[in-house]
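We did not get these values from a lab; they are worked out from the coordinates using the rules stated. For clarity, every value in this text was computed on a predicted model and none was experimentally measured. Backbone-built Cβ (ideal geometry, glycine too); neighbour counts: all protein chains shown.
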Amino acid sequence: MRMPSSAGEAIAWVIVALAAIYLVTRFTGIRWRPKVLQKPDVPLSNLTKKR
Amino acid sequence: MSASKLLLVGNPNSGKTTLFNALAGMRARTGNYPGITVEKRSASLEHQGKALELIDLPGTYSLTPNSPDEEVAERELRNCPEANVLVVVDATAISRGLYLLTDVARPGRKITVALTMADEAKRRGIEISAQALSETLNVPVRAVDARDREAARALLRDLENAAEVTLDLDYPGLVTKLARDADVPESEAARAVMGAAHPESIEERLGDSLAKRALALAPEELAAAQEAVACARYACTEALKSAATSAPPKATNDTRTEAIDRVLLHPILGLLVFALVMGLLFEGLFSGADPFIELIEGAVGSAQSLVRTMMGESVLRDLITDGVIAGVGNVVVFVPQIAMLFLAIAFLEDSGYLARVAFLIDRVMRGIGLQGGAFVPMLSGFACAVPAVMGTRTIASEKDRLVTMLALPLTSCSARLPVYVLIIAVVFAGESRVLGIFSMGAVVLFSMYMLSVLGALGAAAIMRRTILKGPTPPFVMELPPYRMPTLGALLRITWSKVKGFLIDAGSVILALSIVLWALLTYPVHEESVAHYAAQREGVTDAAELEAIDQAQRAALLEHSAAGSLGKAIEPIIEPLGMDWRIGVGIVGSFAAREVLVSTLGIVFGSGEADEESESLREQLSSATRADGSQLMTPLSGLALLIFFVFACQCMSTLAAVKRETQSWKWPLFMFGYMTVLAYVSALLVYQVGGMMGFT
């Protein structure tokens, strides 16, 4: 892999990496800090459940 | 020490959330139709040096819940027996409010009452004495303007005097016996009798022993007891009302609301008015926002030029101009239209008109097997599908709710608007006016919205007849009176939505733009660099050099990671009239639709733009395919528009459906059917249109 050819390009690479990490955490739900899980207060009951 | 709780309970559209906002200084969503609040919302207050947790509950007519949102209210009241309850009673519909009060009251429950909309009741000739009602109930009762913060705060002072209500309820013998046998208060036994209509949740709500006794009653005995309980509550309600009402209401047959309703609810006139209102809305959206869009486009272009002047030629400069500014800037350009759409929807909602539309549409909805109530969440789907999916909680039937949830993402949300406007402006600009009034762009925009509604209704109809069969329950909805919305409330709603959009543009779109720029820049195709460097040797003519630069940019773009991906999917999208560059945009837009605009801004900007920045619209208009033919023609534009009408390109909506259904099955099904529908529709439009000679 080639190295960045200038300081500007290195900064650009860092910005791109941070943006990619942000997107991955945002869409996968991975968090740096644990978050209290909240269950939905009204789950739709399983439609196949027999009553 | 934990905070004491104050629960806000009342009928739908009685002004609970407005009161909640006034008390807590918050700006939770309110509106002039029932069912805006579908989950509990809380705020922490300090009252007389003590912490107080204020909880706004979804509206309900009784504590025998019929729909998931009513369950939320019932459950919260059950789980907080110690909490103070503020019962919000709409003075214009006092009987219904007092009926709920008879259900909420129980031994030990401290209650205060807020009478809202007393001014409106007065206009209708209904004079209610809060003092007389307070004396009869033996609890504080205060008439308040829910929007007035100071008046609302006075309610908190009443909490000191909150007490058990005194009710003269004459329950039938069966309830008295049930109460004695189970050793519970009569009010509890009455709830068990009424709750036996929903045996699936009665044990959870009332406890094993009482539930078993209620369910053990013979059906005829139970039905008679339920009727007797309802009659006892109504008799009590009427007695309370008579004690509090000093003058009989004037004849209200011909109120302003009813006069307007004669036109707006007319089966034919009503639909015509609806079509006209929508037509004007889209004309306004399309033509009215143009000057603002040009202004922002100019600002985006200037920002790019400024950065280019300030920074020397470098990769970092390209990232800022071609990635960040081109990506985010091209989405921000559409903020005026989004603001106008939200403002118009907020106005129609708050005026009470949208509730009428739900009523008008009920007939159509029943034809496809859905109730009119499903139209309300579908309508909010025009703003954003995520709250709309949650809004389906007002629907009692589970299958109806699921069908609505799966079909409503087809209604055109605000994120589709930038895509529509961009494509329409590129391919339908300058076309002649329709009927001399509406611009062609507005007509196409209106058609896309109509197509999305037809798609949603059609999908619901098919699902109702195939995978989710079942009877359609009747639709009962309270039509709110017409009210002139306040400018402040409209601007607040609009600002909160625009802010949400901007924050989204500022985070996801910004990050996606940066990553996409990298994917369009790397890997650098060294052979192309060497090839064009050799071509430049000996050339001195500026125009010729510029042409070589342009060709190099195009070659590098084509060999980049995103270019390779676009090229890989090109065979799939070519039959829809699109090329690899649009393909890159489509792939990106599966995260969020509006990303298409930022992606196209980057793809076309970095490939073709020179130092003098052109607007994205101009770049798209002049873009050509490899064979030199024009890329964006009316036919290919239409196919792209139709793809975006039907495609499921929103991760947040999929997550919301997963959350509400507690399963991945339904969101995956939704994604699958919408994607297939989008592809096949766009394919048919482009191929059949081409065969018919359209370009």
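Things worth noting here:
- Our helix-only sum for chain B, with -39,500 (n - 2.57) per DSSP H run of n ≥ 4 divided by its residues, gives a mean residue ellipticity at 222 nm of -19000 deg cm²/dmol.
- The residue list B:LEU155, B:PRO140, B:THR64 was ranked by how far each Cα lies along the charge dipole of the range B:4-161 toward its positive end, using unit charges on Cβ atoms, and B:LEU155 comes out on top.
- Using alpha-carbon coordinates, inclination of helix B:665-691 to the longest axis of chain B, degrees: 50
- Here the spin labels are modelled as points 7 Å beyond Cα on the Cα-Cβ line, and at B:LYS469 and B:SER302 they lie 6.5 nm apart.
- Using θ = phi - 60° and Karplus 6.51 cos²θ - 1.76 cosθ + 1.60, couplings along the range B:300-309 (whole Hz; Gly, Pro as x): 5, x, 5, 4, 5, 4, 4, 5, 5, 6
- Based on the reciprocal of the average 1/r between different C-alpha atoms, the Kirkwood radius for the protein assembly as shown equals 28.9 Å.
- Put a dot 7 Å past the Cα of B:GLU238, heading toward its Cβ, do the same for B:ILE548, and the two dots end up 9.7 nm apart.
- Partner chain coverage, peptide B:651-664 - average Cβ within 10 angstrom: 2
- For the pair B:ARG256 and B:GLU39, a Förster radius of 22 Å applied to the C-beta separation gives a FRET efficiency near 0.05, rounded to the nearest 0.05.
- For B:LYS5, distant residues with modelled amide H under 5 Å away: B:GLU53, B:ASN84
- Each part gets one Cα centre, and for the range B:557-594 versus the range B:257-279 those centres are 44 Å apart.
- Shielding of peptide A:4-10 by partners, expressed as the average count of other chain Cβ atoms within 10 Å per residue Cβ, is 4.
- Quotient of the Cα radius of gyration of chain B and 2.2 N^0.38 Å, N being its number of residues: 1.14.
- In units of the rule-of-thumb radius 2.2 N^0.38 Å, the range B:504-691 shows an alpha carbon radius of gyration of 1.16.
- Neighbour counts of other Cβ atoms within 10 Å put B:GLU546, B:GLU188 in the fewest-to-most order B:GLU546, B:GLU188.
- Under-5 Å amide H pairs with B:ALA163, H placed in peptide plane, nonlocal only: B:ILE111
- Violating pairs (Cα-Cα greater than 31 angstrom) within the set B:LYS110/B:LYS212; B:LYS16/B:LYS499; B:LYS16/B:LYS122; B:LYS212/B:LYS241; B:LYS5/B:LYS399; B:LYS177/B:LYS399: B:LYS212/B:LYS241; B:LYS5/B:LYS399; B:LYS177/B:LYS399
- Derived scalar couplings ³J(HN,Hα) [the range B:374-387; Karplus, 6.51 cos²θ - 1.76 cosθ + 1.60; whole Hz; x for Gly, Pro]: 5, 5, 5, x, 4, 5, 5, x, 5, 7, 7, 6, 5, x
- Cα→Cβ-extended label distance, 7 Å offset, between B:VAL524 and B:LEU265, nm: 7.1
- The calculated FRET efficiency for the pair B:LEU491 and B:ARG433, based on their C-beta separation and a Förster distance of 35 Å, comes to about 0.65.
- Neighbour-count order for B:VAL584, B:VAL357, B:VAL364, fewest beta carbons within 10 angstrom listed first: B:VAL364, B:VAL357, B:VAL584
- Ordering of B:60-70, B:175-185 by burial proxy (mean other Cβ atoms within 10 Å per residue, highest first): B:60-70, B:175-185
- Antiparallel content of DSSP bridges confined to the protein assembly as shown, in %, to 5: 40
- Using the Karplus relation 6.51 cos²θ - 1.76 cosθ + 1.60 with θ = phi - 60°, the per-residue 3J(HN,Hα) values for the range B:551-556 come to 5, 5, 4, 5, 5, 5 Hz, with x marking Gly and Pro.
- Order of B:GLU164, B:GLU227 - criterion: other Cβ atoms within 10 Å of each residue's Cβ, fewest first: B:GLU227, B:GLU164
- Between B:THR102, B:VAL595, B:LEU557, the Cα set farthest toward the positive side of the dipole of chain B (charges on each charged residue's Cβ, about the Cα centre) is that of B:THR102.
- Partner shielding of B:65-72 amounts to 2, given as the average count of beta-carbon atoms from other chains within 10 Å of each residue beta-carbon.
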